[in-house]
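First the structure, in the form of structure tokens, and then the observations on it.
The values are calculated or read from the model by the stated rules, or taken from the named source; none is laboratory data. These figures come from a predicted structure and were not determined experimentally. Virtual Cβ from ideal backbone geometry, glycine too; neighbours counted across all protein chains shown. For accessibility, only protein heavy atoms count, side chains too; no ligands or nucleic acids. Shrake-Rupley method; radii C 1.70, N 1.55, O 1.52, S 1.80 Å.
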Amino acid sequence: LPWWWWLVLAVPGLVLCADLWLGARRAGFAGTRVASLVLLGIILLGNLVGVGLLVAALVTTGTEELGGGQLLITAASIWIGNVIVFGLVYWDIDDGGPYERAQPRHERRRPDFQFPQDEHPGLVADEWRPRVWDYLFVSLMSGTAFSPTDTMPLTLKAKVLVAVESVVSLVLVVLVTARAVNVLGS
């Protein structure tokens, strides 16, 4: 790939950061969540392409050309990006989005995810609502356990997203780790 390929994901990532920052002040690029969802989709697609390229490199590249350290760093970068982007997607799609959930007296009427705090409201502070860190935790657990843990996806879109994240993580962990272990000693 050419040297400028990283710009394909870096530019949408930077624009997404700016949009999220401005959106928190109701001055984002779009009055709706469309801009952030499109940018997240571009980043997610780029991450999936990265996984595909990595798997293709595993199949077509010899041990002498692809070092174990390089392989592990590439896989770790893709996996960390995967956890972050899926956490942001979960945060953006759940129950009307972050702006809607931040409104005073917002009740979780149509959540895409059921948090333990939803089931046991007496165990949490009044006015609890999921924050971005809660969704990043859900993403981290889906990326390491290959399934939901304490927070259940309720809607089809949430289930599909968790499944895609789990499959990407499984591919990275199983294929890349197996190959990297074989290559490390070479």
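Return yes or no: is R109 out of contact with any Leu (no Cβ under 9 Å at 6 or more places or on another chain), part of a loop (DSSP other than H, G, I, E, B), modelled with pLDDT under 75 and of a type outside the set (F, W, Y)? When the stated conditions are applied, R109 does not pass them.
Check whether at least one residue in the stretch 116-139 is among the polar types (S, T, N, Q), touching a residue at least 24 places away in the same chain (Cβ under 8 Å) and touching a strand residue (DSSP E or B) at 6+ places or on another chain (Cβ under 7 Å), and report yes or no. No, the stretch 116-139 has no match at all. Take the residues of the stretch 31-90 that are at pLDDT below 80, crowded, with 16+ Cβ neighbours inside 10 Å and hydroxyl-bearing (S, T, Y): which is farthest from A178 (Cα to Cα)? Among those residues, the one meeting the criterion is S36. Starting from residues that are more than 16 Å from L44 (Cα to Cα) and not in a loop (DSSP other than H, G, I, E, B), keep the ones in the stretch 136-158 and report whichever is modelled with the lowest pLDDT. The extreme case among them is A145. Evaluating V132 against the criteria (1) out of contact with any helix residue (DSSP H, G or I) (no Cβ under 9 Å at 6 or more places or on another chain); (2) open to solvent by less than 80 Å² (accessible area, probe 1.4 Å) leaves one unmet condition, (1).
Can you say whether A180 is farther than 21 Å from L37 by Cβ, open to solvent by less than 40 Å² (accessible area, probe 1.4 Å), modelled with pLDDT under 85 and over 15 Å from the mean Cα position of the chain (by Cα), as far as the supplied structure shows?
yes
Is the stretch 171-183 home to any residue that is without any contact (Cβ under 8 Å) to a residue 60 or more places away in the chain, of a type in the set (K, R) and part of a helix (DSSP H, G or I)? Within the stretch 171-183, none of the residues are without any contact (Cβ under 8 Å) to a residue 60 or more places away in the chain, of a type in the set (K, R) and part of a helix (DSSP H, G or I). Picking from residues in the stretch 145-161 that are free of Cβ contacts under 8 Å to residues at least 60 places away in the same chain and touching a helix residue (DSSP H, G or I) at 6+ places or on another chain (Cβ under 7 Å), the one that is surrounded by the most Cβ atoms within 10 Å (Cβ to Cβ) is T151.
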